[in-house]
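The values are calculated or read from the model by the stated rules, or taken from the named source; none is laboratory data. Bear in mind that the values here come from a model prediction, so they are computed numbers and not experimental data. No Cβ is skipped: glycine too gets one built from the backbone with ideal geometry, and neighbour counts run over all protein chains shown. Accessible surface areas use protein heavy atoms only, side chains included; no ligands, DNA or RNA. Shrake-Rupley method; radii C 1.70, N 1.55, O 1.52, S 1.80 Å.
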Amino acid sequence: MVELIIIAGSAFLLFIITLWKRRSPANLREIPALTRLYRTLGLSMEDGTRLHISLGHGSLLDAHGGSALAGLAMLRHIVERTSVSDKPSVASAGDPALGLLAQDTIQAGYQAAGVEELYVPTNGRVTGLSPFGFAAGAMSISQNENVYANIMVGHFGSEAALLTEASDRESVVMIGASDDLTGQSILFANTQDALIGEELFATGAYLGAGVSHVASLTVQDILRWIVIFILLGGAAAKFLGII
């Protein structure tokens with residue numbers, strides 16, 4: 001019951017704030033990794049190279065589904081921007097359902113750009129069904145397909161080290177984010193730009209994916225402050241002997 005109330009309240013907040021954001025411009029703080037990502041889109045097209053978006057191996061049916069959806073939202077915008085490039089972006093996934101959604105998202109990006117005839121289904125790939133199998137398949141993309149940047153947004157564990165090492169050997173730009181602490185620590189230590197914590201869910205807003213993405217950041221901040229006040233209130237009540 002409590003979960004339903006939280007979900008309903010969050011959805012209502014998102015609806016109201018989305019309407020409000022349509023009337024006022026977004027004021028987002030600078031996140032270096034996302035600023036670099038925005039520049040990377042243009043540089044890869046000028047350089048005649050491609051972008052590799054890796055969505056991780058998280059399932060949409062468990063707790064990792066949120067990071068997978070964030071990666072798909074980012075993929076949709078990147079594909080639309082790079083659809084007319086000589087080297088279109090490719091996506092890799094380690095989950096069959098996520099791989100199918102990646103293909104569908106890529107096709108939607110081409111449709112939005114008005115060049116659906118250029119869509120190639122193999123630009124969305126399932127590179128392996130185990131964490132390290134997925135990483136091994138994704139590594140080959142960086143090594144063999146003239147990649148300018150590897151963009152990792154999703155669920156990555158210790159196998160992220162293989163991807164960062166491959167990028168370093170090929171002098172490929174690496175931008176990464178993971179919802180797993182192990183993967184996050186590896187990306188933070190081995191990449192020029194890593195997204196920390198909930199910054200993973202801000203990619204859509206910073207890439208101009210829509211007003212709803214900007215509104216979701218405000219909803220996250222509101223819910224975060226509510227949790228903080230509840231924790232402080234509970235601690236104060238405990239200290240005063242009320243509970």
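Values for this structure:
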| quantity | calculated |
| --- | --- |
| Every residue from the range 111-127 that is out of contact with any strand residue (DSSP E or B) (no Cβ under 8 Å at 6 or more places or on another chain) and closer than 12 Å to Leu75 by Cβ | none |
| The one condition in (1) farther than 20 Å from Leu187 by Cβ; (2) in contact (Cβ under 8 Å) with a residue 12 or more places away in the chain; (3) open to solvent by 10 Å² or more (accessible area, probe 1.4 Å) that Gly114 fails to fulfil | (2) |
| Single unsatisfied condition, Ser171 versus (1) among the hydroxyl-bearing types (Ser, Thr, Tyr); (2) at negative phi; (3) free of Cβ contacts under 8 Å to residues at least 24 places away in the same chain | (2) |
| Restricting the range 73-85 to residues that are free of Cβ contacts under 8 Å to residues at least 40 places away in the same chain and in a loop (DSSP other than H, G, I, E, B), the residue that is farthest from the chain's Cα centre (by Cα) | Val84 |
| Selection count, the range 78-88, where residues are under 20 Å from Ser178 (Cα atoms) and among the polar types (S, T, N, Q) | 0 |
| Every residue from the range 43-64 that is among the small types (Gly, Ala, Ser) and modelled with pLDDT of 80 or more | Ser44, Gly48, Ser54, Gly56, Gly58, Ser59 |
| Scope the range 118-130; condition in a helix (DSSP H, G or I) and open to solvent by 50 Å² or more (accessible area, probe 1.4 Å); matching residues | Leu118, Pro121, Thr122 |
| Count of the range 132-146 residues which are of a type outside the set (A, V, I, L, M), in a helix (DSSP H, G or I) and touching a strand residue (DSSP E or B) at 6+ places or on another chain (Cβ under 9 Å) | 3 |
| Hits in the range 86-117 - residues which are closer than 18 Å to Ala149 by Cβ and either charged (D, E, K, R) or not in a strand (DSSP E or B) (or both) | Asp86, Lys87, Pro88, Ser89, Ala102, Ile106, Gly109 |
| Count of residues meeting criterion [of a type in the set (Val, Ile, Thr) and either surrounded by 23 or more Cβ atoms within 10 Å (Cβ to Cβ) or closer than 26 Å to Ser158 by Cβ (or both)] in the range 50-100 | 4 |
| Filter pass, Asp104 being of a type in the set (Asp, Glu), modelled with pLDDT under 90, open to solvent by 60 Å² or more (accessible area, probe 1.4 Å) and over 22 Å from Ala166 (Cα atoms) | no |
| Selection from the range 226-243 of residues that are hydrophobic (A, V, I, L, M, F, W, C) and in a loop (DSSP other than H, G, I, E, B) | Ile242, Ile243 |
| Gly42 being among the small types (Gly, Ala, Ser) and in contact with a helix residue (DSSP H, G or I) (Cβ under 6 Å, 6 or more places away or on another chain) | no |
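Residue-by-condition table, conditions (1) of a type in the set (S, T, N, Q); (2) more than 28 Å from Gln192 (Cβ to Cβ); (3) touching a His at 6+ places or on another chain (Cβ under 6 Å):
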| residue | (1), (2), (3) |
| --- | --- |
| Gln107 | yes, yes, no |
| Tyr110 | no, yes, no |
| Pro121 | no, yes, no |
| Phe132 | no, no, no |
| Gly137 | no, no, no |
| Ser140 | yes, no, no |
| Tyr148 | no, no, no |
| Ile151 | no, no, no |
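Table: residues versus (1) of a type in the set (Ser, Thr, Tyr); (2) open to solvent by less than 30 Å² (accessible area, probe 1.4 Å).
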{"site": "Glu159", "(1), (2)": "no, yes"}
{"site": "Asp168", "(1), (2)": "no, no"}
{"site": "Ile175", "(1), (2)": "no, yes"}
{"site": "Leu181", "(1), (2)": "no, no"}
{"site": "Thr191", "(1), (2)": "yes, yes"}
{"site": "Tyr206", "(1), (2)": "yes, no"}
{"site": "Val211", "(1), (2)": "no, no"}
{"site": "Thr218", "(1), (2)": "yes, no"}
{"site": "Trp225", "(1), (2)": "no, no"}
